[in-house]
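Trainee: Have a look at this one before I ask anything.
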């Protein structure tokens, strides 16, 4: 008798797992739908045109130069698609970054930028824009990207380095992250007020976060790192689960939390740096996505991680779509759209949470 | 399983929390650690399973220094249930207990893992909570879920930090009895911190009494729980009586002067309410 | 108390010194002479009088007043919200003020008579209080724990920032620069009139906080024990926060958002006098004043044009903050930060 109860329960659990997997599938399908939809917005081409172009490109079908099909293919593939693809990748990457950071810190309000990564990236980018000084001695457009990338790594390394001395507790890490980002932001401010107004505007625009004007050349590095990190996070997601019950419990269940946290933070630094150095700082997607996902499928990171990837991609590509739809009114970058969508959701999450405890 | 602690000391700063700890614990039994607040009971437990590393001395598990065992291997041998666990994430009870399988299983959850989880939940009488959210449970239920998580880890030594703290007397007795039965039947050494001397005396095979960062006395409940020891360690007067072969502590407050009921004081059920019953 | 007196004496000396510091060099005695003559209404060379009497004197005094208000406000805010990262801007004041400035500068919309020079100031003041009003409204319903208050403040701040950003995107680079420089916080161009307003508000506000000090102490023991001792924690928190917001908004609308002094000031004061509000408030105020004055001196000598004091206070304050974090780990705030 007792055995059958157990078997029933096992079956119930498996059924729950099946539900989670179908949720992930739905998200992925939605992402493709929105990709095709965004490709057709603001152009004379339709939904299926976008599909056909992608299909043709993948299958290697070519058209004679300057024929209507060629123009269609050229326009959609080179103008419409790169920003869309980048928003998919960035959304996926930032969302998984948020999932990892929240579990690592045991803090549901952590986001991928918690260790101050965004302020470092800003400093890198702004110094490249304003003074032409880059951390990578490359100039021009790539100079900004590479400088932002290297700048983004500095705060993460500092946090890891400092916590080796003062104890590796999540609270200390968050506080040090806050302090470092204050410092970097003050340097950014310094640079921005001492420069001329045009450079100030350029630097300001960089900080907001935008995917417009990106091309296929921006994609490979970002895609590689996001795919790699996604797989890595998937593989350690069972360990991330242990972190959610606190450090002592995690340790007693056989997880070397100090090294694990350091490794994850390193991975996150590269992941987030590779995204925001191309897009600028896009907020909220990394913070909110994991919450939405957990609300629907529960807290097991083995499912939250892939679901966040799909959901994050969906949210950001939708934000991009909204940004495109608003084009007739004005050029509203994706970062601003995300703030308008994200801030109310964030407020809702806070007011809904029962105790609102341990948030800092 | 045997645990040998030799000349162990620990301190967060220069002031030691633990000093000169010498202990040998072995066999399938329930051992209770007693002592006043802040005496280093939790610290001692944390030093055994490497949550903290001792400043001096060694902890041996089956003659192997624990500092040389990887933390994952150690987790297969020693389970631990912290005093209180909170999480800000929406985890179900099954998710929480499943984590205890981590040292034994790989990424995927097998049917065997699930089977063990449900058996343990059943053993503790909380199977009906399986799909509930961990955060929505009462403090007592939390305690039991964490106990289940420690048990599915299938350790040979189980360390418990006040497992009966939030429970009512029925559940206190139940948990203590399950711990004792587990120790005797499944061959586990269970070491628990307790503040309830009578529960410890009734269910434990042996008792450790700590005082000011050191071991004050060890032995059977009868040997350790004596009038003199309680006076010395806790600074309270008591009478220890023998009840069914176990010591039983009766506290005496010498400073309590007036035992008579003050005049005009009363507590009574109101007539209407009494009638309603 | 000794700490407080030291701070006051320090500020006086530093203030005197600060009169002489800057691109235009002048001795301390000479500066005094000029002030004395100005007070007696004697004639002076225009340039010197302009720099010393209309420039450095009010801006030095404003540094003291603003620093005192921000640090005292920050100290109380940290106590009320039981969070070491709280500061006077925790209610989203800075984002509200920035929004007010943005719509005044970019769209030319303001509360009262947009042609006047004080339109921007008035706008900043009024909008700085909007987030606080939203939080007050939100707190009417349901339980408002300190963390929820902070988080609501953050959320409101994000919304306002998004609006400001949108406005700043639509404008040309010149106007953007005006708005941006406002955001940083500066003590240049402070008039005697604005100094008067800030000082009066500061004295009243800080005195009020001091009268509440006993209540704040009780509240550190937790909501339930506060209630049992006859203090309504929610009411005390909201009243305290409203007063701090009014004070801060007054400072912000004249100087812009000067960061860090409200965060670090109280922590340093706490190292010397402990967490007892009765001592913490004056000590934080004293230290905040001297800190901001010192920053403004550094800012003034840091280049021919000088830097905004906000940048300097952040650059100096941040390393200090990290040191404090390391030092006070698990001491002052316990592990439940």
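Trainee: Would segment B:130-138 turn up any residue that is more than 9 Å from chain A (Cβ to nearest Cβ) and in contact with a helix residue (DSSP H, G or I) (Cβ under 7 Å, 6 or more places away or on another chain)?
Mentor: Yes, there is a match, as at least one residue in segment B:130-138 is more than 9 Å from chain A (Cβ to nearest Cβ) and in contact with a helix residue (DSSP H, G or I) (Cβ under 7 Å, 6 or more places away or on another chain).
Trainee: Identify, by number, the condition in (1) over 26 Å from residue A:89 (Cβ atoms); (2) away from chain B (no Cβ under 14 Å) that residue A:280 doesn't meet.
Mentor: Of everything listed in (1) over 26 Å from residue A:89 (Cβ atoms); (2) away from chain B (no Cβ under 14 Å), residue A:280 misses just condition (1).
Trainee: Can you name the number of the only condition in (1) more than 9 Å from chain A (Cβ to nearest Cβ); (2) part of a helix (DSSP H, G or I) that residue C:177 fails?
Mentor: Exception for residue C:177: condition (1).
Trainee: I'd like the residue in segment B:161-185 that is without any contact (Cβ under 8 Å) to a residue 60 or more places away in the chain and surrounded by fewer than 17 Cβ atoms within 10 Å (Cβ to Cβ) and, out of all such residues, is farthest from residue B:247 (Cα to Cα).
Mentor: B:185
Trainee: Let me ask something additional. If you check C:299, C:314, which single one turns out to be facing chain A (nearest Cβ under 8 Å), within 27 Å of residue A:190 (Cβ to Cβ) and at pLDDT below 80?
Mentor: C:314
Trainee: Still on this structure, please answer the following. Under 20 Å from residue A:254 (Cα atoms) and either within 11 Å of another protein chain (Cβ to nearest Cβ) or in a helix (DSSP H, G or I) (or both): is that true of residue B:151 in this structure?
Mentor: yes
Trainee: When the residues of segment B:84-107 are narrowed to those that are surrounded by fewer than 16 Cβ atoms within 10 Å (Cβ to Cβ) and either closer than 25 Å to residue B:21 by Cβ or under 21 Å from the mean Cα position of the chain (by Cα) (or both), which ends up farthest from the other protein chains (Cβ to nearest Cβ)?
Mentor: Checking each candidate, the answer is B:84.
Trainee: Related question: Residues in segment C:246-267: is at least one over 13 Å from the mean Cα position of the chain (by Cα), assigned to a loop (DSSP other than H, G, I, E, B) and within 24 Å of residue C:298 (Cβ to Cβ)?
Mentor: Within segment C:246-267, none of the residues are over 13 Å from the mean Cα position of the chain (by Cα), assigned to a loop (DSSP other than H, G, I, E, B) and within 24 Å of residue C:298 (Cβ to Cβ).
Trainee: Can you pull out the residues in segment A:95-118 that are within 14 Å of chain B (Cβ to nearest Cβ) and assigned to a helix (DSSP H, G or I)?
Mentor: Matches in segment A:95-118: A:98, A:99, A:100, A:101, A:102, A:103, A:104, A:105.
Trainee: Would you check if there is a residue in segment A:196-215 being without any contact (Cβ under 8 Å) to a residue 12 or more places away in the chain, within 14 Å of another protein chain (Cβ to nearest Cβ) and not in a helix (DSSP H, G or I)?
Mentor: yes
Trainee: Out of the residues in segment A:314-360 that are more than 12 Å from chain C (Cβ to nearest Cβ) and out of contact with any helix residue (DSSP H, G or I) (no Cβ under 8 Å at 6 or more places or on another chain), which is modelled with the highest pLDDT?
Mentor: In this case the residue turns out to be A:325.
Trainee: For segment B:4-101, please list each of the strands (runs of 3 or more DSSP E) lying entirely inside it that holds at least 3 residues being free of Cβ contacts under 8 Å to residues at least 24 places away in the same chain and closer than 30 Å to residue B:141 by Cα.
Mentor: Output list is empty.
Trainee: Then there's this: Please work out which one of (1) modelled with pLDDT of 90 or more; (2) within 14 Å of chain B (Cβ to nearest Cβ) is the condition residue A:271 fails and give its number.
Mentor: Single failed check for residue A:271: (2).
Trainee: Further question on the same structure: Read through the list (1) within 12 Å of chain A (Cβ to nearest Cβ); (2) over 23 Å from residue A:234 (Cβ atoms); (3) surrounded by fewer than 21 Cβ atoms within 10 Å (Cβ to Cβ), then give the number of the only condition that residue B:110 fails.
Mentor: All conditions pass for residue B:110, except number (2).
Trainee: Looking at (1) away from chain B (no Cβ under 14 Å); (2) exposed (fewer than 13 other Cβ atoms within 10 Å of the Cβ), can you tell me which one residue A:38 breaks?
Mentor: (2)
Trainee: Name the one entry in A:222, A:244 that is more than 14 Å from chain B (Cβ to nearest Cβ) and in contact (Cβ under 8 Å) with a residue 60 or more places away in the chain.
Mentor: On inspection, the qualifying residue turns out to be A:222.
Trainee: Moving on to the next point. If you scan segment C:131-164, which residues turn out to be surrounded by fewer than 19 Cβ atoms within 10 Å (Cβ to Cβ), touching a residue at least 24 places away in the same chain (Cβ under 8 Å) and away from chain A (no Cβ under 11 Å)?
Mentor: C:136
The values are calculated or read from the model by the stated rules, or taken from the named source; none is laboratory data. These numbers were taken from a predicted model, which means no experiment stands behind them. Positions of Cβ are generated from backbone atoms using ideal geometry, with glycine treated the same way; all protein chains shown enter the neighbour counts.
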